[in-house]
1. Which one of these is over 30 Å from residue 142 (Cβ atoms), surrounded by fewer than 19 Cβ atoms within 10 Å (Cβ to Cβ) and in contact with a helix residue (DSSP H, G or I) (Cβ under 9 Å, 6 or more places away or on another chain): 14, 86, 61?
2. Given (1) modelled with pLDDT of 95 or more; (2) surrounded by 17 or more Cβ atoms within 10 Å (Cβ to Cβ), identify the lone condition not met by residue 141.
3. Do we find that residue 164 is in a helix (DSSP H, G or I) and crowded, with 17+ Cβ neighbours inside 10 Å in this structure?
4. Does residue 48 satisfy the condition of being surrounded by 23 or more Cβ atoms within 10 Å (Cβ to Cβ), touching a residue at least 12 places away in the same chain (Cβ under 8 Å) and either out of contact with any strand residue (DSSP E or B) (no Cβ under 6 Å at 6 or more places or on another chain) or within 20 Å of residue 215 (Cβ to Cβ) (or both)?
5. So is residue 227 more than 18 Å from the chain's Cα centre (by Cα) and more than 14 Å from residue 127 (Cα to Cα) or not?
6. Out of all the residues in the range 200-223, which are in a loop (DSSP other than H, G, I, E, B) and at pLDDT below 95?
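The values are calculated or read from the model by the stated rules, or taken from the named source; none is laboratory data. This structure is a prediction, so every number in the text was calculated from the model and none was measured. Glycine gets a Cβ as well: all are built from the backbone with ideal geometry, and neighbour counts include every protein chain shown.
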């Protein structure tokens, strides 16, 4: 059985003291919920404070992005090795906001996935279609292309450390959410694709998250789907009470 995995993406919210306070609340919540794996992703500015707060706890610390090089003349960038040195355990790569607003491509997502593995971080690799692509009936085509691009030359032994997150762009921060059936359709295809790439046994081990306006009132129905193993949560992870409801699902 794959363990459920809920990760909170705090995006560009919370000053370091606020992030630390929320991390403390999440740490206390997670201690009483051993059946679910938990991670939080503060801003780069909040990583050190949250890392200190989470030390010794069972909550993972995720960064929201990384560069693919170890070091160099890349002003404003942070390497996976630097994140690891701060105490990060995971890193989000290829989030739709990075793709849509900052020019992320399947190639750069692939480079960052390899960089995460190189540094000993567990990548949360995001894929998802726009509203126009869904309305054109291209959802499965788009996510398959993104997955193949992101996982190019990723060795089979790396896959159990990787999480694949399906986040339809049209559902992120809009209040819209894919129906459980819509989400399951995509997750089932992702599982099938992983089987084609790595074999059915390994595909059955990889955890698939859903992301896109996940809230306490829809999380149970989403998590009940056979191929949805968790959630990558935005706004609902910014308050301890709503995050608690998600973890208790």
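1. Only one candidate qualifies: 86.
2. Unmet condition: (2).
3. Here the answer is no, as residue 164 does not meet what is asked.
4. The answer is no for residue 48.
5. Criteria not met by residue 227.
6. 211, 212, 213, 214, 215, 216, 217, 218
Okay, residues lined up against (1) in contact with a strand residue (DSSP E or B) (Cβ under 8 Å, 6 or more places away or on another chain); (2) at pLDDT 95 or above:
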| position | (1), (2) |
| --- | --- |
| 125 | yes, yes |
| 153 | no, yes |
| 157 | no, yes |
| 164 | yes, yes |
| 171 | no, no |
| 184 | no, yes |
| 190 | yes, yes |
